[in-house]
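All remarks here apply to the structure that follows.
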Amino acid sequence: MLRTVVTRLAGAAVMAVLATLVIFLIANTVPGDPVLAQLGDIAASNPATVAEWRAKWGLDLPLWEQYLIFLRGLAQGDLGTSIASQRPVLEDIAQYAPATVELASIAFLLALGIGIPLGIAAAVWRDSWVDAAARVVSLIGVSSPTFWLAFIMLAIFYGGLQIAPGPGRLDPIAFPPDEVTGFFLVDTLLAGDWEGFRDAAAHLVLPSIVLAAATIGLITRTTRAAMLEAMGQDYVRVSRAKGMRERYTILRHVLPNALIPVVTLGGLAYANLLAGAVMTETVFSWPGLGRYTFRSAAALDFPAIMGITLVVSVTYLLVNLLVDLSYAMLDPRVRR
Amino acid sequence: MSTPTLEVEDLRTVFLTDAGAVRAVDGVSFTVGAGETLGIVGESGSGKSVTALSLMRLLEEPARIAGGSIRFQGRDLLAMRPEELRALRGDRMAMVFQDPMTGLNPVIRILRQLTEPMVGHGRFAAPEARRRAVGLLVRMGITAPERSILRFPHEFSGGMRQRVMLAMGFANDPALLIADEPTTALDVTIQAQILDLLRQLNAEFGTAILLISHDLSVIGSVCRRVAVMYAGEVVEEAVTEAVLADPRHPYAWALVNAVPRIDQPLGADRRLVSIEGAPPDALNLPQGCRFAPRCPFKVERCEREHPPLAEVAPGRLARCWVTQAGQVLPKAGGAGLGGVRPPPPPAAEPLLAVRGLVKHFPLPRESFFAPRRVVHAVNGIDLDVARGETLGIVGESGCGKSTLARLVTRIHAPTAGSIVFGGQEIAGASPAAIRPLRRRMQMVFQDPYASLNPRMTIGDTLAEPLVAHGLARRGVEVRDRVGGLLEMVGLNPAWVSRFPHEFSGGQRQRISIARALALEPEMIVADEPISALDVNIQAQILNLMLDLQQRMGLTYLFIAHDLAVVRHLCDRVVVLYLGKVMESAPAEALFARPLHPYTGVLISAVPEPGRQRVLLQGEPPSTLAPPRGCPFRGRCPIAQPVCETMPPLAEAEAGRWVACHFPGGFSHAGLGA
Ligand SMILES: Nc1ncnc2c1ncn2[C@@H]1O[C@H](COP(=O)(O)OP(=O)(O)OP(=O)(O)O)[C@@H](O)[C@H]1O
Ligand code: SF4
Ligand code: SF4
Ligand SMILES: [Mg+2]
């Protein structure tokens, strides 16, 4: 088991670096010049300024050398300096990532916490009103555009009913907690700041629901299908023939088998939530990676783009590894 | 007399389908006394399993019990509340299902699956239940139960899983155990072990057993009485031996005579009794006797009036006007329906000669550093098939029978060895060089469902090889040939434009045979061609194969696990174990007096009421390790130190080849010698 993990981690590292190479090549072939984006029209018309600027950022070097410099920095844990913010990319990412991860994780828990029980109920009481309700919920979740959903939610709960706070991570006049992890829910708790915790949690409600909506639908449907499939298996009939209670049969025999496909989906879903945060963050003014990515891409900020790529692919690969490990926990057939 | 364990009266179970109510069980009555054994036999679709599920009240939508009564130890099961039923199930009445591969939950340890009914019914506390589970596994013959119990089902073989299922059935010492085809998915040797276990458990604990099977011999070796079901009704009920010896209902008569029996003398004509047609449509049952459309003995009254189940002799019930009137059904006895069996042709040049054939399958590596593991499927096989003869291949599952068939037809390429077919070496031949040979050697597979393309009409299926090999031009010529082929296998030529799903299993197997015959091959390699079929249809296919052989001089390589069938059909038999030939001999001699110990135990495992049996313990060793010494020595009852060296396949008697240091050294009462 341990060896599998180590092998997989090594593989993940190689994959992540390969991903940066791909992004590096793509970024350098897209039309557009960071010079224009950064210096503005007037400065960019002065060849000397441009040359000096290019030399400063190493953009005058051959492509392979630029990439080599990136790799050398990477080996030392240095992702370079952002052209736009003039700060180390790692620092930028460390500043923006926690907001996104916090939002995506809450959305993920929400999706699992609603989707799985709803899927179970829909399968157990198949063709009843529960099933119908679950179908409506997943249909709405899967088919509403995030952007639209976000505005509607804001309009109703913040603008109309005024029971939800507005955009942002905290009340505009509140002070952010001392940074330990960057996750406000955790940091406020660590500081013993109940007010702050409540505020942070309240601000998470709408964006995480919006972000999770599609995933809730997917997980509900997958759980329902997997449950129905497992309920048709022979061992379920055997459990009934043994005189086990129906509740026991569903929870102990059907559910563990049905969760196996749900875990696969869950891994993919988490990666998608991270990526999907861009839209939600924009509407809710959420100072996260999504917005950082958007800005860096617009500015053709190569070091930042590479850094984000690296972070996203590492996260994706780690989540995949976690999925495989939980597979092994759920399904003894893949255990070694 | 005490209250019977189970009394079923006029049980009716229907499936409420869109097309109407399907009467799956239609007025079934029987009684099982305390500690008694009753078998239920019938072809697929006759209502056996639905009866069993009705008794357990485990029916699922859209099935309903529409009438009758079920009393268990005097209590009315149909009047019970769900909670009362649940308390009975798995406690006083238990059920074991057919497929041990799917009946165990793959993600739960054997231990919990075994103990949950004990704990759930409040009979034992957890530690006690665990001790009892270990004890039960010991009782079921599972080695190292303390360790096995912590494993997951996928780590067990089919036979071991069925033992676990039985252990689960006996967990709370039930008064009644219902076993639905518990051995159908298993090898003969393992089947013998399981049946033996059932008998012992019945004798020891006094558990009443209701055993369901399509195989009368299986029932005969466990159950004292049997009920024969046809189209949802019991058509005969009596002591099993009496039914086997002298059936009183024409359907039971057909069942008994459709299967060759391993103890019967072989006649000159090997044709078996087979009844044409199929069971009636349960939506549209005949108004008179349900068997009348297929019955060879019917009289005028049969189609008009529905016969009751009535006594035809003391203790014997039959649902038949003719036998109720005292008429006796003829003895068919497997032999002598006229005609003469041609003697096997003189051994000239064999049509197929195999020498030193080896096939290894390397498995994919489990990880980059792990050593590559290799399945040793076939480990040096020599055999000859003479022109016009039928060579049978037998052995337990995994012994390499199918691999051998795929090698001689060159679906697989051998790892080593030579295959000479019609004088031509084909072991290393290129696909292009083999193509013309495909015409001369055809294969028929086990599963007639999987081997026909569902989207092609059978006319197209049969025309395809003809056109591909340029044997007939498209149009009238092909159509004539296809019509002729269908007629040859006993199908209506007007059916050319039908699709496979419109045919029954037996008809589909006929189509596969017709497809194999299309190219007028000299040899047909048939891998378990009848094992997926009901006994009556098996008889039809076997008769067809015999006919075709006589008419066309075909040579067969016939692979089967049913030894009685092999004895009946084959001229010579080769016994395989772990990819090696153990014994090769003329069929009659081999069955009368096996010389290899493995052949001996294999034959003795065949279920047949009243036979002495040598139980072969354990299962074949893994094919992952190459066999060293005699491959059978781990299970051989007469193994000696010398068996550490591999005995050569040597001619022990004229025409009989045996790979054993002590040929004929293992003899046993009832096995001849
Ligand atoms: N393609 C393959 N790859 C790996 N192993 C294989 C392959 N085909 C067959 N085997 C293995 O070879 C051995 C012999 O298989 P084979 O199918 O010939 O057995 P069999 O006697 O026909 O069994 P059964 O009666 O169950 O059909 C088995 O251990 C099987 O698992
Ligand atoms: S009642 Fe008539 S048709 Fe029915 S089984 Fe007897 S003889 Fe045949
Ligand atoms: S060689 Fe030895 S172990 Fe093998 S079958 Fe003969 S007696 Fe048994
Ligand atoms: Mg096979």
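The values are calculated or read from the model by the stated rules, or taken from the named source; none is laboratory data. All values derive from a computational prediction rather than experimental measurement. Here the Cβ positions follow ideal geometry from the backbone for every residue, glycine too, while neighbour counts run over all protein chains shown.
Here are the numbers:
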item: Residues satisfying the stated conditions in segment B:150-159, i.e. within 14 Å of chain A (Cβ to nearest Cβ) and in a loop (DSSP other than H, G, I, E, B); result: B:Leu150, B:Arg151, B:Phe152, B:Phe156
item: Qualifying positions in segment B:94-106 - without any contact (Cβ under 8 Å) to a residue 60 or more places away in the chain and surrounded by 19 or more Cβ atoms within 10 Å (Cβ to Cβ); result: B:Asn105
item: 3 or more residues within 23 Å of B:Thr183 (Cα to Cα) and among the small types (Gly, Ala, Ser): qualifying helices (runs of 4 or more DSSP H) within segment B:207-298; result: B:250-258
item: Where a residue in segment A:244-259 is within 7 Å of chain B (Cβ to nearest Cβ) and its partner, wherever it lies, is assigned to a loop (DSSP other than H, G, I, E, B), with Cβ under 6 Å and at least six apart; result: A:His253/B:Asn105; A:Pro256/B:Val107; A:Asn257/B:Val107
item: Any chance A:Val30 is among the β-branched types (Val, Ile, Thr), loosely packed, with under 12 Cβ neighbours inside 10 Å and modelled with pLDDT of 80 or more; result: no
item: Residue check, B:Asp173 more than 12 Å from chain A (Cβ to nearest Cβ), at pLDDT below 95, part of a loop (DSSP other than H, G, I, E, B) and closer than 22 Å to B:Asn202 by Cα; result: yes
item: Given (1) facing another protein chain (nearest Cβ under 9 Å); (2) in a helix (DSSP H, G or I), index of the condition B:Glu84 fails; result: (1)
item: Single unsatisfied condition, B:Arg112 versus (1) under 31 Å from the mean Cα position of the chain (by Cα); (2) under 22 Å from A:Gly232 (Cα atoms); (3) more than 7 Å from chain A (Cβ to nearest Cβ); result: (1)
item: Meets criteria (away from chain A (no Cβ under 14 Å) and surrounded by fewer than 21 Cβ atoms within 10 Å (Cβ to Cβ)) for B:Gly141; result: yes
item: Meets criteria (at pLDDT below 90 and facing another protein chain (nearest Cβ under 8 Å)) for B:Thr102; result: yes
item: Only listed residue being facing another protein chain (nearest Cβ under 9 Å) and modelled with pLDDT of 90 or more, chosen from B:Gly39, B:Gly90; result: B:Gly90
item: Residue list for segment B:295-315, filter: more than 8 Å from ligand 2 (Cβ to nearest atom), in contact (Cβ under 8 Å) with a residue 40 or more places away in the chain and surrounded by 14 or more Cβ atoms within 10 Å (Cβ to Cβ); result: B:Leu309, B:Val312
item: Test: B:Thr599 is within 16 Å of ligand 3 (Cβ to nearest atom) and touching a Leu at 6+ places or on another chain (Cβ under 9 Å); result: yes
item: Members of segment A:227-243 that are more than 7 Å from every other protein chain (Cβ to nearest Cβ) and either of a type in the set (Val, Ile, Thr) or free of Cβ contacts under 8 Å to residues at least 40 places away in the same chain (or both); result: A:Glu229, A:Ala230, A:Gly232, A:Val236, A:Ser239
item: Among the candidates B:Leu357, B:Leu352, residue that is at pLDDT 85 or above, away from ligand 3 (no atom under 16 Å from the Cβ), away from every other protein chain (no Cβ under 14 Å) and in contact with a Phe, Trp or Tyr (Cβ under 8 Å, 6 or more places away or on another chain); result: B:Leu352
item: Tabulated pairs, segment B:397-409, first free of Cβ contacts under 8 Å to residues at least 24 places away in the same chain and more than 9 Å from ligand 4 (Cβ to nearest atom), second among the hydrophobic types (A, V, I, L, M, F, W, C) and not in a helix (DSSP H, G or I), C-beta under 8 angstrom, 6+ apart or interchain; result: none
item: Candidate set from segment B:592-607 (those that are over 13 Å from B:Thr189 (Cα atoms) and surrounded by 24 or more Cβ atoms within 10 Å (Cβ to Cβ)); member that is farthest from ligand 4 (Cβ to nearest atom); result: B:Leu595
item: Test for A:Arg333: is it within 14 Å of chain B (Cβ to nearest Cβ) and either in contact with a strand residue (DSSP E or B) (Cβ under 9 Å, 6 or more places away or on another chain) or not in a loop (DSSP other than H, G, I, E, B) (or both); result: yes
item: Some residue of segment B:541-556 being among the small types (Gly, Ala, Ser) and either in a helix (DSSP H, G or I) or within 16 Å of ligand 1 (Cβ to nearest atom) (or both); result: no
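Yes/no matrix, rows are residues, columns are (1) surrounded by fewer than 22 Cβ atoms within 10 Å (Cβ to Cβ); (2) away from ligand 1 (no atom under 16 Å from the Cβ); (3) among the acidic types (Asp, Glu):
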site	(1), (2), (3)
B:Glu502	yes, yes, yes
B:Gly505	yes, yes, no
B:Glu528	yes, no, yes
B:Gln538	no, yes, no
